[in-house]
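Novice: Quick one: the structure is below, questions incoming.
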Amino acid sequence: MKRGSFGSRLGFILAASGSAVGLGNIWKFPFEVSNGGGAAFLLMYLFFCFILCFPVIVSEIAIGRKTKKNAIGAFNKLNHRKWNFIGKMGVLCGVLILSFYTVVAGWVLGYVIEMVNGNFDISNDFGAYVNDIENVFLYSILFMFFTALIVSKGIEKGIEKAAKILMPSLIGIILVLIIYALTLPNSIDGIIFYLVPDFSQINLNIAGNALGQAFFSLSLGMGMLITYGSYVDDKNNIVNSAALITLADVGIAFLSGLIIFPFVFSSGIETQGGAGLIFEVFPKIFENLGNTTGIIVGSTFFILLSFAAITSTVSLLEVPVSYLVDEYKVDRKYSVWIVAITILIIGIPSALSQGKYVFFSDFITYFGSDQPIDFMQFIIDISNDTLLPFGGFLITIYVSFVWKKQNLSDEISKGYLNYKGSFIEKYINFSITYICPLILGSIFILTFINKFF
Ligand code: TRP
């Protein structure tokens, strides 16, 4: 059977940006910024994205396009079967991420309905809401259903088409919400809080968070871009595409902050930020806008989040699906539904970990800490903050010492005429051999020890 491919260059960029732009940008990024010293965090984040992550993005896409295979098969195809554990780790990591991501996306979807109904009081009951398990399951299943539906239609007719509709809508909604947010009273205080750097806040913990956030947000380190890259044709300029994807991701994360902070500051509501921000504080903010405006702005906001989330869940689902399709010749439709159902089941403990079921909400206590953490947070710690940077580290080692930079350059130059000998080639090669392994490796080890011990 013919393997799918993206129909156009723009289609690939939109799909890959769609994967990158997700809950990580709109929900997680702004409060990471505010916890990490505002613009000080932002600068560090930009440095990580462009200096450390960029060469990894290019490498992943190149490996995928060269082999036209999934995250695991790609290593086999290059005759480095021993290294396919990087891909195996990636597939596992993708499954873990998708398992909790679907739960959070389910909350978001549920909130669209709550906002449409003008039920702003939900903000006082977020704890009860996430423990209303039947409801949470219902929306998670629904969200997974839409995701699976898109993936089952294949690359061009499913993933690409969805991205072409959803990404422009997402950008439109963001711009409208920013304009609206900036007209609110005191919005400027929010902008100042967001953008004035406080360098004293930067420490190892924050640096580790910034790195984890960069990998998570760019969907990096688990073979997602190997998979999408395998559907890209040789004319594509990988370096340009990687730059556009990075810009789109960083840009949208940045713009979300311009919505979030003016909203928070103009509402006058005291908040610690944190994970509950969007679910606990935002409905109150919408309520203060008056009923009709609140319903419109509130539901638009959660629709925005749903759009961002679904282009990401689609990419996460595609990774194991393409593995089954390539390696075991399983029919795409069949493998989509099998994987989707399996992941929903793996997500059950995450859904149950929000308080009511103590076994999952006090799941584990790390060495030297007395605070137990819940199952979902445990999965997030393993996947986002550990496996992703580690996967990225391994990919740089693999490319520089096993696959070899010469092959990387050959692959990139297929779609980039004067790549060889250019400054950008020297930079990518230098970074991938020295800077990336060194910095990724040391931050990874330090944060790993810091987090779990
Ligand atoms: N990048 C997405 C976000 O910011 C999440 C995501 C999608 C992801 N695909 C991924 C994270 C692959 C890591 C790996 O929400």
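Novice: HN-Hα J couplings of region 282-294 from phi, Karplus 6.51/-1.76/1.60, θ = phi - 60°, integer Hz, Gly and Pro as x?
Specialist: Listing the rounded values in order: 4, x, 4, 4, 5, 4, 5, 7, x, 4, 5, 4, x Hz.
Novice: So who's got an amide H within less than 5 Å of the one on Ile364, skipping anything under 5 residues away but keeping other chains? H placed 1.01 Å off N, in plane.
Specialist: Close amide H contacts, sequence-distant or interchain: Ile373.
Novice: Taking the 0 to 90 degree range and rounding to the nearest ten, how far is the long axis of helix 332-346 tilted relative to the main principal axis of the chain, both from C-alpha atoms?
Specialist: Compared with the principal axis, the helix lies near 50 degrees.
Novice: Here's something else I'd like to know. Any idea how far apart Leu446 and Ile269 come out in nm if each label point goes 7 Å out from Cα toward Cβ?
Specialist: 3.6 nm
Novice: Report in % the part of the accessible area of region 1-100 that belongs to carbon and sulfur, leaving out ligands and nucleic acids; probe 1.4 Å.
Specialist: 66 percent
Novice: Compute the helix-to-body angle for 204-217: its Cα long axis versus the longest principal axis of the chain, expressed 0 to 90° and rounded to tens.
Specialist: It works out to around 70 degrees.
Novice: Net charge near Ser219, counting Lys/Arg +1 and Asp/Glu -1 over other residues with Cβ under 10 Å of its Cβ?
Specialist: Counting the neighbours of Ser219, the net charge comes to -2.
Novice: Quick one: accessible area per residue over region 72-144, 1.4 Å probe, rounded to a whole number of Å²?
Specialist: Ligands and nucleic acids excluded, the figure is 39 Å² per residue.
Novice: So, one more: In nanometres, what is the gap between the two model label sites at Ile188 and Ala243, each 7 Å from Cα along Cα-to-Cβ?
Specialist: About 3.6 nm, to one decimal.
Novice: Tell me the per residue accessible area of region 203-248 using a 1.4 Å probe; a whole number in Å² is fine.
Specialist: 24 Å²
Novice: Another question, if that's okay. How much mean residue ellipticity at 222 nm does the chain get from its helices, if each DSSP H run of length 4 or more adds -39500 (n - 2.57) and you divide by all residues, to the nearest 500 deg cm²/dmol?
Specialist: Calculated mean residue ellipticity at 222 nm is -21500 deg cm²/dmol.
Novice: Rounded to the nearest 0.05, what FRET efficiency do Asn135 and Leu438 have when you use their Cβ-Cβ distance and R0 = 45 Å?
Specialist: The value I calculate is 0.40.
Novice: For region 292-390, what relative contact order do you get, as a whole percent, if you take Cα pairs closer than 8 Å and at least 6 residues apart?
Specialist: Over region 292-390, the number comes to 13 percent.
Novice: Return the sequence-ordered ³J(HN,Hα) values of region 303-316 in whole Hz as given by the Karplus equation 6.51 cos²θ - 1.76 cosθ + 1.60 applied to θ = phi - 60°, using x for Gly and Pro.
Specialist: Couplings: 5, 3, 4, 5, 4, 4, 5, 6, 5, 7, 5, 4, 5, 5 Hz.
Novice: What number comes out for accessible area per residue over region 377-453 if the probe is 1.4 Å? Units Å², please.
Specialist: That works out to 44 Å² per residue.
Novice: Using a probe of 1.4 angstrom, how much of the accessible area of region 178-323 is carbon and sulfur, in percent?
Specialist: 62 percent
Novice: When you count, for each residue, the other Cβ atoms within 10 Å and take the mean per peptide, how do 98-107, 276-285 rank with the highest first?
Specialist: Ranking, from highest mean packing down: 98-107, 276-285.
Novice: Just how far, in whole angstrom, is region 199-254 from region 257-323 if you go by their alpha carbon centroids?
Specialist: If we compute the Cα centre of each part, the gap is 22 Å.
Novice: How many nm is it between the label spots at Ile165 and Ile346, if each spot is 7 Å from the Cα in line with the beta carbon?
Specialist: It is 2.8 nm.
Novice: Let me make sure I get this right: for region 297-424, a, b and c are the square roots of the gyration tensor eigenvalues over alpha carbons, sorted descending. Under 1.5 in a/c it's rounded, otherwise prolate if a/b > b/c, else oblate. Which is it?
Specialist: prolate
Novice: Once you have the Cα-Cα distance between Ile364 and Asn119, take 0.36 nm times their residue separation minus that, and quote the gain in nm to one decimal.
Specialist: So the extension gain works out to 84.7 nm.
Novice: Which angle from 0 to 90°, rounded to the nearest 10, does the C-alpha axis of helix 161-182 make with the longest principal axis of the chain?
Specialist: It works out to around 40 degrees.
Novice: Once the Cβ-Cβ distance between Lys420 and Lys235 is put in as r, and R0 is 25 Å, what FRET efficiency do you end up with, to the nearest 0.05?
Specialist: Computed FRET efficiency for Lys420 and Lys235: 0.90.
The values are calculated or read from the model by the stated rules, or taken from the named source; none is laboratory data. Model, not experiment: these values are computed from the prediction. All Cβ positions, even for glycine, are placed from backbone atoms using ideal geometry, and neighbour counts span all protein chains on display. Side chains included, ligands, DNA and RNA excluded: accessible areas come from the protein's heavy atoms. Shrake-Rupley method; radii C 1.70, N 1.55, O 1.52, S 1.80 Å.
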